[in-house]
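One structure is given here, and the rest of the page talks about it.
The values are calculated or read from the model by the stated rules, or taken from the named source; none is laboratory data. Nothing here was measured: the structure is a model prediction, and the numbers come from that model. Every residue, glycine as well, gets a Cβ built from its backbone with ideal geometry; the counts of neighbours run over all protein chains shown. Side chains are part of the model used for accessible areas, which takes the heavy atoms of the whole protein and leaves out ligands, DNA and RNA. Shrake-Rupley method; radii C 1.70, N 1.55, O 1.52, S 1.80 Å.
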Amino acid sequence: MQKIGFIGTGVMGTGIINNLLKANFAVTVYNRTKAHADTVLANGATWADSPRLVAQNSDITITMVGYPQDVEAVYYGDDGVFAGVKSGSIVVDMTTSTPTLAQRIAATAITRDVQALDAPVSGGDIGAKNGTLTIMVGGAESTYDQLVPLFKAIGQSYHLFGAAGKGQHAKMANQIMIAGTMTGMSEMLVYAKQVGLDLSAVIETVGAGSAANWSLTNYAPRILAKDYSAGFFAKHFLKDLRIALDEAKKQELDLPATKAAAELYRRLVEDHGFGDDGTQALVKLWWPTK
């Protein structure tokens, strides 16, 4: 069985690692805050003291961290992945990051006799926990084929979109779609509450019709329960929308609805300080928080 290294034991990483362990992969982990790795260590993962040591001891090194600058530090730092990666191994960045950085990692990997994939995911904390993630991949087909058994252990849908960076472009398309469903769900609830409708009945009814969507099914009940815990951080979604808009600008595309969503999330995160809440906290722009 190939040895897996995993860097980043946040909400998403923890779910993925647990499913890899259930599939009998040997997993070595690193996280900036070791205490956040306690759950996976208790379930059988092995700790390493740096990304370099993770890579040294792994056939496949997976990264899932917060921001592109974190990805860059994890790979290119003095104690980073590329300082320890083994010839013939594979690196996989599952962070939602920039296509440009994915291409840079792939180019560096070639100089180390290493294969690289960008493989961001969708499905939130629920998908990570249940092993039902959607995985969007960029890189060589031969490398992708080697990783299919691993993808099967953590996801229900996985697709190769092309060369390095294409997985990140596919994730941007995904986030553009989610932006619409999150703003639509939030404004739907705000409107329904304002006119005095039973919100539980509205969610059930709308969810049974043509307006059904993942955000409504998974996040609307959390809002009614006043559960704003992060299955996916609002601050990370704002980062994703900014990447999407930056990439759209490079393509000379104007995406007004995505711009509007990004501005709403900017207000939520930067003006109101709810960046560590889940994306469903968008409704707080209209509703009292207590």
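Structure data summary
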item	result
Residue within segment 237-259 that is of a type in the set (Ser, Thr, Tyr) and either open to solvent by 20 Å² or more (accessible area, probe 1.4 Å) or free of Cβ contacts under 8 Å to residues at least 60 places away in the same chain (or both) present	no
In segment 173-184, the residues that are open to solvent by less than 10 Å² (accessible area, probe 1.4 Å) and either within 14 Å of SER97 (Cα to Cα) or among the small types (Gly, Ala, Ser) (or both)	GLN175, ALA179
Test set (1) closer than 24 Å to LEU285 by Cα; (2) touching a helix residue (DSSP H, G or I) at 6+ places or on another chain (Cβ under 7 Å); (3) of a type outside the set (S, T, N, Q); (4) without any contact (Cβ under 8 Å) to a residue 40 or more places away in the chain - TYR158 fails condition number	(1)
Residue check, SER142 farther than 21 Å from TYR67 by Cβ and open to solvent by less than 70 Å² (accessible area, probe 1.4 Å)	no
Looking only at segment 137-157, and only at residues there that are in a helix (DSSP H, G or I) and under 19 Å from the mean Cα position of the chain (by Cα), the one that is nearest to LYS22 (Cα to Cα)	ALA153
Candidates ALA208, ALA212 - the one that is free of Cβ contacts under 8 Å to residues at least 12 places away in the same chain, open to solvent by less than 60 Å² (accessible area, probe 1.4 Å) and more than 30 Å from GLN103 (Cβ to Cβ)	ALA212
Those residues of segment 51-83 which are closer than 13 Å to THR96 by Cβ and in contact (Cβ under 8 Å) with a residue 40 or more places away in the chain, in sequence order	THR63, MET64, VAL65, GLY66, TYR67, PRO68
Hey, ALA119 modelled with pLDDT of 95 or more, buried (at least 24 other Cβ atoms within 10 Å of the Cβ), among the small types (Gly, Ala, Ser) and in contact with a Ser or Thr (Cβ under 8 Å, 6 or more places away or on another chain) or not	no
Residue within segment 65-85 that is within 20 Å of ALA140 (Cα to Cα), part of a loop (DSSP other than H, G, I, E, B) and at pLDDT 95 or above present	yes
Residues (of a type in the set (A, V, I, L, M, F, W, C) and assigned to a helix (DSSP H, G or I)) located in segment 89-136	LEU101, ALA102, ILE105, ALA106, ALA107, ALA109, ILE110, ILE126, ALA128
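Here's the yes/no breakdown for (1) open to solvent by 10 Å² or more (accessible area, probe 1.4 Å); (2) under 16 Å from the mean Cα position of the chain (by Cα):
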| site | (1), (2) |
| --- | --- |
| ILE7 | no, yes |
| LYS22 | yes, no |
| VAL27 | no, no |
| ASN57 | yes, no |
| PRO68 | yes, yes |
